[in-house]
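The values are calculated or read from the model by the stated rules, or taken from the named source; none is laboratory data. Quantities reported herein were computed from a predicted structural model and do not represent experimental measurements. Note that we place each Cβ from the backbone using ideal geometry, even for glycine, and neighbour counts take in every protein chain shown. Ligands, DNA and RNA are stripped out before the accessible areas are found, and what is left, the full protein with its side chains, is counted by its heavy atoms. Shrake-Rupley method; radii C 1.70, N 1.55, O 1.52, S 1.80 Å.
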Amino acid sequence: MVVFPRSSARRAFTAVMAVAAAGVMFNVQAQPASTRILVGFPPGGGTDAIARILAERMQAELGAPVVVENKAGAGGQIAAQALKASAADGHTLFLSHDHSITILPMVTKNPGYDSAKDFVPVAGFATFVNAIAVSGGTPVQGYKAYIDWVRQQGGKGSVGIPAPGSVPQFLVQEIAKKNGLDLVAAPYRGSAPMMADMLGNQIAAGVASIPDFIENHKAGKLRVVAVMGSKRQAAMPDVPTFAELGLAGFEEVPFYGVFAPAGTPKAQLDKLAASIQKAIAVAEVKDKLTAMGLSVEFMSSEQLAARERAYAKVWAKIIKDSGFQPQ
């Protein structure tokens, strides 16, 4: 048996540990950093489902984990604030539609963020429309029948909406005004709990996006009776637009996009945008999103920013004309 001097043994041990540590560091560095996608609504709603479809394919494109993190509450305000507080390294994103990005800052006194200054658009990937649906517990089969039914109830009724101060709220107000009804927009913490009450016949009607309604509409558990937009939707060709029914002004369609904290390096933004563009080009992904009632289309960062501005201009007027005061 050969016995090494203590100093030699110590040097040998140190060398072994250094090699081991280097190996550990190499393994850590070799693991790609994960990306989280914030969603401002609870699991089970349309936005959550869309985020999970996109995240799964983005993960394949990026070669790194992409996880969905639900930060529900205040119509997406909590998730938006979380994005603002995140590091601008491209590893925290916010998947949102028009409400959190465009509408909420116009109807809230202190939203805690400024979309134009605190966020940068990564890419848009779809447009969609909002709709009004009636629960299966009502005898209503169409929009005009719903209006007549409310009149038979004394001209009063409650209509669920996913969030206060949202596009659905202003749509409810316009429906009430146009038809001389006393309709109250009842806000929920997202579309999922609203849908639960509609399916349980706790509320007779609701306004939300087609992705929120489509599965239960197809199953006959509720009935979508009118949609926003300038044309009927491919997923529901038998459902008329509000314009067809005499309620104009709701033709501008909202969007879905992905956003990052301001200051995120352009190279990282370009990489993320490319992964989104490739993801929605995959037939399986596109088919899933289309089946949910989305019109899939890629929008670059610049195109999404332009769409935000145009959409904000339309809705600033609608909100002002409604007399709504920021809360």
Subject >> Residue identified as free of Cβ contacts under 8 Å to residues at least 24 places away in the same chain, farther than 23 Å from M58 by Cβ and out of contact with any Lys or Arg (no Cβ under 9 Å at 6 or more places or on another chain) among A283, A248 >> reply: A248
**OP:** Go through the residues of the range 206-214 one by one and say whether even a single one is over 25 Å from G246 (Cβ atoms) and out of contact with any strand residue (DSSP E or B) (no Cβ under 6 Å at 6 or more places or on another chain).
**Re:** yes
**OP:** Go over the candidates S96, S100 one by one and state the one that is open to solvent by less than 10 Å² (accessible area, probe 1.4 Å), in a strand (DSSP E or B) and of a type outside the set (A, V, I, L, M, F, W, C).
**Re:** S96
Subject >> In the range 114-160, the residues that are under 15 Å from A312 (Cβ atoms), open to solvent by less than 40 Å² (accessible area, probe 1.4 Å) and not polar (S, T, N, Q) >> reply: F119, P121, G124
**OP:** Could you figure out which of (1) under 16 Å from P42 (Cα atoms); (2) touching a Pro at 6+ places or on another chain (Cβ under 8 Å); (3) among the β-branched types (V, I, T) isn't true of V120?
**Re:** (1)
**OP:** Specify which of the listed residues (G206, G246) is small (G, A, S), touching a Phe, Trp or Tyr at 6+ places or on another chain (Cβ under 9 Å) and not in a helix (DSSP H, G or I).
**Re:** G206
Original post:
Within the range 219-233, can you find the residues that are surrounded by fewer than 18 Cβ atoms within 10 Å (Cβ to Cβ), in contact with a strand residue (DSSP E or B) (Cβ under 8 Å, 6 or more places away or on another chain) and over 28 Å from K320 (Cβ atoms)?
Top reply: R232
Original post:
Are any residues in the range 71-93 surrounded by fewer than 19 Cβ atoms within 10 Å (Cβ to Cβ) and part of a strand (DSSP E or B), and if so, which ones?
Top reply: none
Original post:
So which residues in the range 112-129 are modelled with pLDDT of 95 or more and assigned to a loop (DSSP other than H, G, I, E, B)?
Top reply: G112, Y113, D114
**OP:** Answer yes or no as to whether A260 is at pLDDT 95 or above and either of a type in the set (A, V, I, L, M, F, W, C) or surrounded by fewer than 14 Cβ atoms within 10 Å (Cβ to Cβ) (or both).
**Re:** yes
Subject >> In the range 181-208, the residues that are open to solvent by less than 10 Å² (accessible area, probe 1.4 Å) and within 18 Å of the chain's Cα centre (by Cα) >> reply: G190, M194, G206, V207, A208
**OP:** Mind listing just one residue for me: the one in the range 161-180 that is part of a helix (DSSP H, G or I) and open to solvent by 20 Å² or more (accessible area, probe 1.4 Å) and, of those, farthest from I276 (Cα to Cα)?
**Re:** N179
Original post:
Has the range 37-50 got any residue that is open to solvent by 30 Å² or more (accessible area, probe 1.4 Å), at pLDDT 90 or above and part of a loop (DSSP other than H, G, I, E, B)?
Top reply: yes
Subject >> the range 209-243, residues that are of a type in the set (A, V, I, L, M, F, W, C) and assigned to a loop (DSSP other than H, G, I, E, B) >> reply: A219, M228, A234, A235, V239, F242, A243
**OP:** Give the number of residues within the range 292-316 that are assigned to a helix (DSSP H, G or I) and open to solvent by less than 40 Å² (accessible area, probe 1.4 Å).
**Re:** 7
**OP:** Go through the residues of the range 92-99 one by one and say whether even a single one is farther than 22 Å from R309 by Cα and modelled with pLDDT of 95 or more.
**Re:** yes
